[in-house]
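No lab work stands behind these numbers, since they all come straight from the coordinates. The structure displayed is predicted, hence computed values, not measured ones. Ideal geometry is used to build each Cβ from the backbone, glycine not excepted, and the neighbour counts take in all protein chains shown.
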Amino acid sequence: MDNYAVTLNRKTSETDISITLKVAGNRQINVNTGIGFFDHMLTSLAFWAGWDLDLNCTGDLEVDTHHTVEDVGLVLGQAFGKVALGRAEIERFGAAFVPLDEALCRVIVDLSGRPYSVFRAEFNVERVGVFETAMTGHFFRSFAQEARLNLHAGCLYGENAHHIIESLFKALGLALRAALRERTGGVASTKGVR
């Protein structure tokens, strides 16, 4: 692993995941989880974050999407955390507002090393394709936990679940990209350490 890329593998009785993440990438993205809408969301996240991402997951989709979405969030968060927490002179904070038609969502992150998440969005349907909309917040919480970052995500307004979820994933990508921008003058903390 260098300071900008990491490869991880995780296999359980529920999922088998391999991931290579490069945060300072060229947007070379290959995602396959077996859940079409989730692949679309992860691709949007990686694109707007400016990552190279190769992610493959085989999960127990005959049960439901829960284990796949949760475990991908955990492994992607772990990969991002390994890269981000190893970089000292970064902006640390990032925020983004993203509109998509009638929906407007925001995501704010602090790459603090202290995991915490708040997720506020409501959906008027249970699924987009086979993706369970309730798993959106679970993905964000799982990602924040393993990335060891503070993450606040919410929908200010919107009606279409596809639009709301997509604007949340895009905003997460933009916020993470902003937080990882290099800065001069040492660590972004009055304590001298993150």
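Where does the Debye-calculated log10 I(q)/I(0) of region 5-179 sit at q = 0.14, 0.20 Å⁻¹, using only Cα point scatterers of equal weight, no solvent? For region 5-179, the Cα-only Debye profile gives -0.66, -1.43. At an R0 of 35 angstrom, the distance between the Cβ atoms of GLU122 and LEU61 translates into a FRET efficiency of 0.85.
By the rule of a C-alpha distance below 15 Å, with chain neighbours fewer than 8 residues away ignored, the aspartates and glutamates paired with LYS11 are ASP60, GLU70, ASP71. Between 0 and 90 degrees, the angle of helix 36-49 with respect to the longest Cα principal axis of the chain falls at about 20 degrees. Considering only ILE29, HIS40, ALA79, the residue lying farthest towards the positive end of the dipole of region 5-179 is ALA79, judged by Cα position with unit charges set on Cβ. Express in whole angstrom the spacing between the alpha-carbon centres of region 35-75 and region 132-153. If you average the Cα positions of each part, the centres end up 12 Å apart.
Each label was represented as a point 7 Å from its Cα along the Cα-to-Cβ direction; for ASN30 and ASP16 these points are 1.7 nm apart. Need one word for region 53-128: rounded, prolate or oblate. Basis is the Cα gyration tensor (sqrt eigenvalues a ≥ b ≥ c); a/c below 1.5 gives rounded, then a/b vs b/c decides. Taking the square roots of the gyration eigenvalues as a ≥ b ≥ c, region 53-128 is oblate. Remark: the Cα gyration tensor places region 1-56 in the oblate category, a/c being 1.5 or greater and a/b not exceeding b/c.
Report summary: the helix-based calculation at 222 nm, which adds -39500 (n - 2.57) for every DSSP H run with n ≥ 4 and divides by the residues of the chain, gives -11000 deg cm²/dmol.
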